[in-house]
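Following: one structure in structure tokens, then a few remarks.
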Amino acid sequence: MGKKVAIIGAGVSGLASIRCCLEEGLEPTCFEKSNDIGGLWKFSDHAEEGRASIYKSVFTNSSKEMMCFPDFPYPDDFPNFMHNSKIQEYIIAFAKEKNLLKYIQFKTFVSNVNKRPDFAMTGQWDVTTERDGQKESTVFDAVMVCSGHHVYPNLPKESFPGLEHFKGKCFHSRDYKEPGVFKGKRVLVVGLGNSGCDIATELSHTAEQVIISSRSGSWVMSRVWDNGYPWDMVLVTRFGTFLKNNLPTVISDWLYMKEMNARFKHENYGLMPLNGALRKEPVFNDDLPARILCGTVSIKPNVKEFTETSAIFEDGTIFEGIDRVIFATGYSFSYPFLDESIIKSRNNEIVLFKGVFPPLLEKSTIAVIGFVQSLGAAIPTADIQARWAAQVIKGTCTLPSREDMVNDVKEKMDKKLKWFGKSDTICTDYIEYMDELASFIGAKPNIPWLFLTDPKLAIEVYFGPCSPYQFRLVGPGKWPGARNAILTQWGRSLKPMQTRVVRSLQKPCFFFHWLKLFVIPILLIAVFLVLT
């Protein structure tokens, strides 16, 4: 075995990191605070300090063909959008198939990760762990931080005057588990993200009244897209990314807003974002528009202040007799076992080259895996990050100079400000990001070459879903089954729905979706040319 690598956390990112270290001949040791793998997807009926927490009814927002490990497809009979228990079943199967469990030390808490005195020369770290009340310090050549960013709740009570006088119960969404205890209650949910909308729609079936308060609005998308296909298999394509990046901004923004409004007009439902052209992460909820139509969920602006029993909104309206306030206000980014100077360098923000490496360290021997968010799935993102990080740690892939990395971080921040509206966002464009990291390790598909040598595959790769298998077609870690997985992905996607077979499976036409979007401007141009 090669260099010793400490991996913190045995969720999706941690498992990807163990596997990638083994592929590169490194020696991984994974420390997991709990007694099981899965991280975020491991459901517990109570929130545990220092661990991610989900509610019982959580389903995936990405479909199974788009969120698998790139060389380990889901079973054919798994549904496209899976309950958290199905994801956990898949994660366990992956860990057993790749023989990863023996590298994990369970019930072991990482309390400190510090540079060794000779770090500038060796790049080594002292990792202090605690187990059964006993502390132990071990020297590692590198560290991969895989503890996630859904651990430390952001509860901005100071932003809501009068909350200290509120007599009802208030808590963060991480403490919500199931709707039964809310029967007959009047509930205010603060936040229009995925968790807030999921919780509100679930509660609307049992609570007396549910109101969602939103500061800036959100786009709400359905998992079911054109002609009933999974949204991401239709929208997350290389051709779509090419159009978005090369069309004039005004046309690109128009197309984006038209797509977001395809199901319903957001302004009619009080959901419209303040700046609709920003590529803010959308909310995936199939029920919210219907619950608003039925009157069991209402949308209100930001809370101006609380009283003992009510909330006064910025438009002057009041929600009286509130029993519960649930703050679905996201999470803070924190790594308490690390000195803040290691990963915070610009205005006290976490700054990472390509979302993985701190750019100012003397040696690039610490990597953060899973610290990005995109309109794409977390599992393939963690896989490509871990592959790159393992090669950098091994020394087969080198990083740019410190100056170049800092300049790249600034350039990316400026672009994110334009696209997403927040300078400190962890959002990124999925396909661009995956291609960028794949290029570092020689795993990016060569599209022109594919069209010359394998046109059938090339059409599926370029116009079809940008599924994870694409990033195991070539390069280190190449998977011999990648081509077949790409060519058969629609069959696996449609098979679980064929419980009553009416006719043969109907795959989508790659061009039809985009043709529909362009038909109106094409007709207008044609009319203009005829009239002139």
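Tabulated results
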quantity	calculated
Dipole magnitude (debye, nearest 20) for the chain, charges at Cβ of Lys, Arg, Asp, Glu	920
Proximal lysine pairs, segment 1-87, alpha carbons under 23 Å, eight or more residues apart or interchain	10
FRET efficiency estimate (nearest 0.05) - Cβ-Cβ, ASP118 to SER216, R0 35 angstrom	0.10
Relative contact order [Cα under 8 Å, 6+ residues apart], segment 87-221, whole percent	13
Dipole magnitude (debye, nearest 20) for segment 46-105, charges at Cβ of Lys, Arg, Asp, Glu	160
Point-to-point label distance, PHE106-HIS205, nm (Cα→Cβ direction, 7 Å offset)	3.2
Relative frequency of Cα-Cα separations exceeding 13 Å in segment 1-78, percent	73
Largest-first principal axis extents, alpha carbons of segment 184-267, Å	51, 28, 19
Chain lengthening between PHE239 and SER334 when straightened (0.36 nm per residue, less Cα-Cα)	30.6 nm
Point-to-point label distance, GLU362-HIS165, nm (Cα→Cβ direction, 7 Å offset)	5.7
For segment 1-147: span of alpha carbons on each principal axis (Å, largest first)	52, 35, 23
Residues of type aspartates and glutamates that LYS107 reaches as a straight line, Cα spacing below 15 Å, ignoring anything fewer than 8 places off in the same chain	GLU32, ASP36, GLU48, GLU49, GLU130, ASP132, GLU136
Sites GLU136 and GLU432 - FRET efficiency at Förster radius 56 Å, r taken between beta-carbons, to 0.05	0.85
Equivalent-ellipsoid semi-axes of segment 81-228, from the Cα gyration tensor, Å, largest first	40, 24, 17
Pairs of alpha carbons in segment 86-131 whose separation is greater than 15 Å (percent)	64
Cα-only radius of gyration and Dmax that characterise the chain, units Å	24.0, 84
Span-like helix ranges in the chain, DSSP H, alpha carbon extent 27 angstrom or more, Kyte mean at least -1.0	512-531
Trypsin sites (Lys or Arg not before Pro) restricted to DSSP loop in segment 166-229 with at most 13 other C-beta within 10 Å	LYS167, LYS183
Label-point gap, in nm, between THR499 and ASP404 - each point 7 angstrom along Cα→Cβ	5.4
Sites LYS183 and GLU27 - FRET efficiency at Förster radius 51 Å, r taken between beta-carbons, to 0.05	0.45
Charge-dipole axis of the chain as Lys and Arg at +1 and Asp and Glu at -1 on Cβ define it, positive-most pick from LEU457, LEU360, GLN373	LEU457
At 0.890 mPa s and 25 °C, Stokes D of segment 41-116 from Kirkwood alpha-carbon radius, µm² per second	167
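Each value in this text was obtained by applying a stated rule to the coordinates, not by laboratory testing. In this text, all values refer to a predicted model and were calculated from it rather than measured experimentally. Ideal geometry is used to build each Cβ from the backbone, glycine not excepted, and the neighbour counts take in all protein chains shown.
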